[in-house]
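Each remark here refers to the structure printed beneath this line.
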Ligand code: A3P
């Protein structure tokens, strides 16, 4: 294993792990006074739930509705440094923001300004497999010699941005039907045009049928994978791996599957988000 140790790659801030390459204490402190705008659009996801897919969708939609160039530079709330955050103030509305932060760490002005939040949710088992591969493909995250060792850290929440179940259970608890909408990775895969219509209506980015089809073709897995060198540089292959439902069956043992089922039962089964996952 030639990679740097977990300790060197991860930082702990207020009990949560974050990737050092993207996060730092100065930025977290600056976020305490982050000024949201009423017309900001926020995507909230746990890692590997399809964040980059949703970011691209919103960029395409905003560019069609507002007739402007697609700016795919930093839109992450918690990544970067205070100078980058300051430059955010010059961005034209609507700004597209994304976050992997737990609800309790999201800058309060997001809620005070009633920013619309789209929560994107993916089946925990496919999320774990995607996350495992991501760790082993990225120099900036610790690598794992075995799937079993990653599985332990995933279920115990010893990964960046904490435990999957805690992330969604906390967002779920504060779910507000007026300003928030949840959508699943799986429903997007199964009926893409309907999912795109839902997203555009929620954010009031109203598009014609033809424009919806255009967004669909520009954000298909293959189209995004083909463009990934432009959008994500050499990390492209790591972000657009398989894009499928059910890869977990190639990794999970029966016991591991049962363990995740039990966690799901404990944290999510009776909740709105849990029911949406059709688990
Ligand atoms: P896999 O590793 O299972 O392939 P994130 O952007 O939050 O890091 O999520 C990455 C996951 O979303 C990866 O899952 C990736 O392939 C998948 N993904 C990215 N773009 C997609 C698209 N257009 N359609 C379907 N899945 C996509």
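The values are calculated or read from the model by the stated rules, or taken from the named source; none is laboratory data. Note that this is a predicted model, so its numbers are computed, not measured. Positions of Cβ are generated from backbone atoms using ideal geometry, with glycine treated the same way; all protein chains shown enter the neighbour counts.
Some notes on this structure:
- Entirely in the range 1-46, the strands (runs of 3 or more DSSP E) that have 3 or more residues that are touching a residue at least 24 places away in the same chain (Cβ under 8 Å): 16-19, 41-45
- Residues that are under 17 Å from residue 183 (Cα atoms), touching a helix residue (DSSP H, G or I) at 6+ places or on another chain (Cβ under 7 Å) and crowded, with 20+ Cβ neighbours inside 10 Å do occur in the range 34-41, at least one of them.
Each row is one residue, and each column tells you yes or no for (1) near the ligand (Cβ under 10 Å from one of its atoms); (2) under 21 Å from the mean Cα position of the chain (by Cα); (3) at pLDDT below 95.
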position: 208; (1), (2), (3): no, no, no
position: 230; (1), (2), (3): no, yes, yes
position: 245; (1), (2), (3): yes, yes, no
position: 260; (1), (2), (3): no, yes, no
position: 263; (1), (2), (3): no, yes, no
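- Set 94, 107: member being under 23 Å from residue 181 (Cβ atoms) and at pLDDT 95 or above: 107
- Answer from 59, 66 - the residue that is within 18 Å of the chain's Cα centre (by Cα) and modelled with pLDDT under 95: 59
- Verdict on residue 145 being surrounded by fewer than 16 Cβ atoms within 10 Å (Cβ to Cβ), without any contact (Cβ under 8 Å) to a residue 60 or more places away in the chain and in a loop (DSSP other than H, G, I, E, B): no
- Number of the exception - residue 136 against (1) in contact with a helix residue (DSSP H, G or I) (Cβ under 8 Å, 6 or more places away or on another chain); (2) in a helix (DSSP H, G or I); (3) within 16 Å of the ligand (Cβ to nearest atom): (1)
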